[in-house]
1. Report whether or not Leu349 is surrounded by 15 or more Cβ atoms within 10 Å (Cβ to Cβ) and in a strand (DSSP E or B).
2. Given (1) within 15 Å of the ligand (Cβ to nearest atom); (2) surrounded by 22 or more Cβ atoms within 10 Å (Cβ to Cβ), where does Asp310 come up short, assuming only one miss?
3. When the stretch 352-373 is examined, which residues are found to be in a loop (DSSP other than H, G, I, E, B) and within 16 Å of the ligand (Cβ to nearest atom)?
4. Return yes or no: is Asn196 touching a Pro at 6+ places or on another chain (Cβ under 8 Å) and of a type outside the set (Gly, Ala, Ser)?
5. Give the residues of the stretch 269-287 that are open to solvent by 10 Å² or more (accessible area, probe 1.4 Å) and part of a loop (DSSP other than H, G, I, E, B), sorted by residue number.
6. Give the stretch 290-305 a look and list any residue that's more than 16 Å from the ligand (Cβ to nearest atom) and surrounded by 15 or more Cβ atoms within 10 Å (Cβ to Cβ), or say none.
7. Need the failing condition index for Asp127 against (1) closer than 29 Å to Arg446 by Cα; (2) at pLDDT 95 or above, just the number.
Amino acid sequence: MSPRLIIVSNRVAVPEPGNKQMAGGLVVAVKAALRNRTGVWFGWSGKIDETETAQPRIVERNHITYAVIDLSKTDFEEYYNGLANRVLWPILHYRVDLQEYSRADHSGYMRVNRQFADRLSAFLREDDVVWVHDYHLMPLARELRARGHLNPIGFFLHIPCAPLDILRTLPHHEEILGALTYYDLVGFQTENDRDNFAAYLLAMPGAKEGRDLTFEVGGRQTRIGAFPVSIETATYARLARNAARSPLAKEIKESLTGLRLVLGVDRLDYSKGIVQRINAFDRFLEVNPEWRSRVTLLQITPRSRSDLKDYAAIENEVTALISRVNGHYGEASWTPIRYINRVYSRTALSGIYRAADVALVTPLRDGMNIVAKEYVAAQDPENPGVLVLSQFAGAAAELTGALIVNPHESDAVAAALKRALEMPLFERRERHGPMLEHLLVHNIERWAEDYLAALAETRQRPSLMSELRAFLSPSRSSTDRRAPPEARRQA
Ligand code: F6P
């Protein structure tokens, strides 16, 4: 029997009618990692239930096995709303000012990590490869090791990793961030994130840096690397091409009545810079009166984490700002900003991306931002739209053909928007072509292969190597597999 890939993440996106969620980077990535591999996706069902169950519920859908557990109300409050989203999320997004630490949330976070380890332990086989995703589960490897599991265990952080001084604002950070040293491989979105964590590791007592980004801490060896998450580029491009002919795309086109379309797509989150973006659009209309009544900004913003006060506050701020701009510039026949909170299907969204002349992807801080990549993939290569991209999104390191902006400078974003709307076809093509090519090569399958290859190589037990190779696609040469992507680039 070939070894299984056990993916672990906080939320598991079991496809169910009524379980509508915007497919973020994590969901897209995990599904790709499981495609064509024998595996299981383990995590929280998204449900609150007080009944204690030792075994996860097993659900099979579209060739993927899901193993899900419920959380109690207290666990949800302390672990998910509390330490994960009121402390780790703001700190890792450089928003130290927003963290609200409490000892109760800290113990709730540790308790849920122990519960995850107990439930996982029950069905983990000796030859399973475990791949843990995101900031909710940093201590999980330590808990699994404590239960005697010697399996290869990797971790990938989908969100940014802040610099050392910011990381140290987390009370008792060694217990949470230091626990990442129990993983064999810790992956980050960008080299900047990776280097921030390297600085953190080197500041740990007795830490030593070895070869190939391997660090020795407390007798353990852990390797770190940059693995920029991506999308199913070719499939997405095809989806968008077909969606462009769909009834929804037709309706949108008709509703535009000749207006140019500028698009923003984000979960409602303070890290996404939606307020700054609306301010920039306001500035754009103020300084370019000739564009009034000729363009509309469609802002698609599904609500998220609504129990948290910072999320409720950002929702109120965005809503008030949009109505102010619409009230100020709007005409009976023209609404400057169309604001939508609903979730669109992947297909519908791909059609909307294709219809948009410009995408404003301007987060204040973002691990990667797959909207930027999906927008590029969805364009008609013969007549592509223009991506305006924040320098603080991980995607900016790769999508160099975008107009890169500082989202804090509304004048600059307004100027980039004007430039994008007025950009001649040859320049749009010149910018778009290389970005699309890059994404076709550096797609999500390549990401999963690179990460799992690095995990296999990182592992110190040679006997496991041959089994782990079974995860790798037969198309990759053995020389390719020898080192993680950044090491190969340096070679
Ligand atoms: O990518 C960051 C992340 O927290 C993922 O872990 C998660 O899938 C996504 O954002 C949505 O967040 P939430 O599960 O809190 O709604």
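1. No: the conditions fail for Leu349.
2. If we test Asp310 against (1) within 15 Å of the ligand (Cβ to nearest atom); (2) surrounded by 22 or more Cβ atoms within 10 Å (Cβ to Cβ), just (2) comes out false.
3. First, the residues of the stretch 352-373 that are in a loop (DSSP other than H, G, I, E, B): 356-357, 362-365, 367-369.
Hits for the stretch 352-373 are Pro363, Leu364, Arg365, Gly367, Met368, Asn369.
4. Numbers: touching a Pro at 6+ places or on another chain (Cβ under 8 Å): yes; of a type outside the set (Gly, Ala, Ser): yes.
Against the criterion (touching a Pro at 6+ places or on another chain (Cβ under 8 Å) and of a type outside the set (Gly, Ala, Ser)), Asn196 qualifies.
5. Going through the stretch 269-287, the residues open to solvent by 10 Å² or more (accessible area, probe 1.4 Å) turn out to be 270, 272, 275-276, 279, 282-283, 286-287.
Within the stretch 269-287, no residue meets the criteria.
6. To start, the set of residues in the stretch 290-305 that are more than 16 Å from the ligand (Cβ to nearest atom) comprises 290-299.
The answer is Trp291, Arg292, Ser293, Val295, Thr296, Leu297, Leu298, Gln299.
7. Every condition holds for Asp127 apart from (2).
Residue by residue, here is whether (1) in contact (Cβ under 8 Å) with a residue 40 or more places away in the chain; (2) over 30 Å from Pro363 (Cβ atoms); (3) of a type in the set (Phe, Trp, Tyr) holds:
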| position | (1), (2), (3) |
| --- | --- |
| Trp41 | no, no, yes |
| Pro56 | yes, yes, no |
| Ile69 | yes, yes, no |
| Leu88 | yes, no, no |
| Ile91 | yes, no, no |
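The values are calculated or read from the model by the stated rules, or taken from the named source; none is laboratory data. Quick caveat: nothing in here was measured; it's all calculated off a predicted structure. A quick note on method: Cβ atoms are made from the backbone with ideal geometry, for glycine too, and the neighbour counts reach across all protein chains shown. SASA here: full protein model, heavy atoms, side chains in, ligands and nucleic acids out. Shrake-Rupley method; radii C 1.70, N 1.55, O 1.52, S 1.80 Å.
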